[in-house]
Amino acid sequence: MTSKPDADARLVGAHDLALAALGEITPASSVGPAAGYLIEEDGSVSLRFENRLAGYPGWYWTVTVAQVDDEDPTVLELELLPGDGALLAPEWVPWAERLAEYRAHQVELAEAAAAAGDENGDGDALDGVLDDDDALDDDDVLDDDDLDDDDDDDRAADILHAGDLDGVDIDELDESADDDADALDEDAGEVDEEE
């Protein structure tokens, strides 16, 4: 097992370099005083500064600096990293697992309601509680056959031709409406000629 090298005093003291680099990615008002450093395995040093951004308590601005040969220290990377006890987002849980937990909780609620109903002598304790089997039956879902009924066509026609749809007069877009209007104009013209 190898030990980490001793920190180079020039890297530990490179606060001005680190602050200048942070000034390129965040306002100076979001960076607080120095908060220590961490020696990395490759000999580079991560300088930490307190964070003043709202919503990130316990996080630190971290600037990793290194020195190659006898050159001046240089910045390797900048990042906002959580410290011990920092406020972190919860671990991501896939939807399928969250749904399974929700369904298990619904079953627990139904069982508790049933137990409470049995104690009270109420046989309808489960009324209104959604069961997994009752969620959506195939009969509850509309299919294409349901949409082909004559009553539905009439109702849809009333809705669609009742006026504007999203600010567009759909009668202007309906070619059959134009043909009907032309036929009415011709009929009116024939009546005028007969008179």
Could you look through segment 73-104, keep only residues that are assigned to a loop (DSSP other than H, G, I, E, B) and of a type in the set (Asp, Glu), and pick out the one that is nearest to GLY43 (Cα to Cα)? ASP84
Only one residue in ALA66, ALA54 is touching a Pro at 6+ places or on another chain (Cβ under 8 Å) and of a type in the set (Gly, Ala, Ser). Which one? ALA66
So, first residue open to solvent by less than 100 Å² (accessible area, probe 1.4 Å) in segment 91-107, second residue of a type in the set (D, E, K, R), Cβ within less than 9 Å, six or more apart or across chains; the pairs are VAL93/GLU101; GLN106/ASP131; GLN106/ASP132; VAL107/ASP131; VAL107/ASP132
If the requirement is being small (Gly, Ala, Ser), more than 19 Å from ASP6 (Cβ to Cβ) and modelled with pLDDT under 90, which of these qualifies: GLY55, GLY43, GLY23, GLY32? GLY55
Would you point out which residue out of TYR56, TYR60 is at negative phi and assigned to a strand (DSSP E or B)? TYR60
Which of (1) open to solvent by 70 Å² or more (accessible area, probe 1.4 Å); (2) assigned to a loop (DSSP other than H, G, I, E, B); (3) at pLDDT 55 or above is the odd one out, the single condition ASP127 does not satisfy? (3)
Would you mind finding the one in ALA9, ALA28, ALA34 that is more than 15 Å from THR64 (Cα to Cα), hydrophobic (A, V, I, L, M, F, W, C) and open to solvent by 50 Å² or more (accessible area, probe 1.4 Å)? ALA28
Scanning segment 37-52 residue by residue, the ones that are farther than 12 Å from GLU79 by Cα and open to solvent by less than 50 Å² (accessible area, probe 1.4 Å) total 4
Take the residues in segment 53-79 that are open to solvent by 40 Å² or more (accessible area, probe 1.4 Å) and among the aliphatic types (A, V, I, L, M), then tell me which one is farthest from ARG10 (Cα to Cα). ALA54
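The values are calculated or read from the model by the stated rules, or taken from the named source; none is laboratory data. From a predicted model like this one, the values you see are computed outputs, not experimental measurements. A quick note on method: Cβ atoms are made from the backbone with ideal geometry, for glycine too, and the neighbour counts reach across all protein chains shown. These accessible areas exclude ligands, DNA and RNA; they are computed on the full protein's heavy atoms, side chains included. Shrake-Rupley method; radii C 1.70, N 1.55, O 1.52, S 1.80 Å.
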